[in-house]
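The values are calculated or read from the model by the stated rules, or taken from the named source; none is laboratory data. The structure presented is a predicted model; accordingly, all values stated were derived computationally and were not measured. Here Cβ is always computed from backbone atoms with ideal geometry, including for glycine, and neighbour counts include all displayed protein chains. When the accessible area is computed, the model is the full protein with side chains, heavy atoms only, and any ligands, DNA or RNA have been set aside. Shrake-Rupley method; radii C 1.70, N 1.55, O 1.52, S 1.80 Å.
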Amino acid sequence: MNIVILTGAGISAESGLGTFRDKGGIWSRYRIEDVATPEAHARDPAGVHAFYRMRREEAAKARPNAAHTALARLQSDRRHRVTLVTQNVDDLHEEAGARPLHMHGRLKGALCAACGHRWPAPMEMDETTPCPACGERTARPDVVWFGEMPHHLDEIDAALSEAELFAAIGTSGQVYPAAGFVEMATAYGARTVELTLEPSGAPFDERRLGPATETVPHWVTELLD
Ligand code: APR
């Protein structure tokens, strides 16, 4: 079966990484316009780098949980073709053995705002870090900020057009284009299911509420048995 899975911050919550819009979430402690836009980086590179260094340090301490492991098991099963799309910038899907498409980039990546060179982000990367290719001090986290174009949209649309099943896991469905994938999948004729703590309110055929470490392994076992 052709399956497209979209994950959000909720799948990494039980690995100790904060979500964005839950009570006490990241956007209740930081303003998007201060840390997650190109304008913020131009205005206050030190402040933006400090925010992402804190997130790199947190992510380095996190380990994949049973939900990440279950999705890796599903993606490696030959009976299904699984396109795993993540909005998350942590590497917990990879560490569990899965192969995700990172729509919003990766915390572990660095990008040169001057020449476009990409390299592994040093933990201590900041506004003084020179680009290894051009030498300019224009390093930035290789993540997609608000107002920037997400990655892999053509590949995701192609996968949705052939999907028989679409699942959204641990996402509030507040940020487009990811929030529109459920309608696209439905229009393409796929069945849709949401596995989350708080229902997003989007028009899924089925809803499984609970912690991802409980709902996702159970859901994967049903698909593999
Ligand atoms: N198990 C399952 N779901 C959970 C859990 C859990 N343990 N904890 C929280 N959730 C759910 C919440 O109910 C919520 O629906 O995860 C979702 C988290 O929503 P957000 O914090 O909005 O995160 P996300 O949907 O990934 O945000 C999308 O917004 O800020 C941008 O770029 C950022 O990629 C992010 C995007």
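List of remarks:
- Coordinate range along principal axes, alpha carbons of the chain, Å, largest first: 52, 34, 28
- For the set 12, 28, 200, solvent exposure ranked by accessible area (probe 1.4 Å, protein chains only) runs largest to smallest as 28, 200, 12.
- Here segment 115-214 is described by how far its Cα atoms reach on the three principal axes: 52, 30, 22 Å, from widest to narrowest.
- To put it simply, the accessible area of the chain at a 1.4 Å probe is 52 percent carbon and sulfur.
- GNM top mover of 175, 48, 143 - the chain, alpha-carbon springs below 10 Å: 175
- Antiparallel content of DSSP bridges confined to segment 65-173, in %, to 5: 70 percent
- Solvent-accessible area per residue for the chain (1.4 angstrom probe, square angstrom): 47 Å²
- The three principal axes of the C-alpha atoms in segment 170-225 carry coordinate ranges of 29, 24, 15 Å, sorted with the longest axis first.
- Selected from 155, 14, 198 as most flexible by GNM, with the chain as the system and alpha-carbon contacts under 10 Å: 155
- From helices alone, the chain scores -9500 deg cm²/dmol at 222 nm; the rule is -39500 (n - 2.57) for each run of n ≥ 4 DSSP H residues, then divide by the residue total.
- Whole-Å semi-axes of segment 1-78's equivalent ellipsoid (Cα gyration tensor): 30, 14, 13
- Candidates per trypsin sites (Lys or Arg not before Pro) in segment 1-94, loop by DSSP, up to 13 other Cβ within 10 Å: 23, 31, 78, 79
- Candidates 41, 151, 117, ranked by Gaussian network fluctuation over the chain, Cα under 10 Å, top entry: 117
- Hz values of 3J(HN,Hα) by residue in segment 177-190 - Karplus curve (6.51, -1.76, 1.60), Gly and Pro given as x: x, 4, 5, x, 5, 5, 5, 4, 4, 4, 5, 7, x, 7
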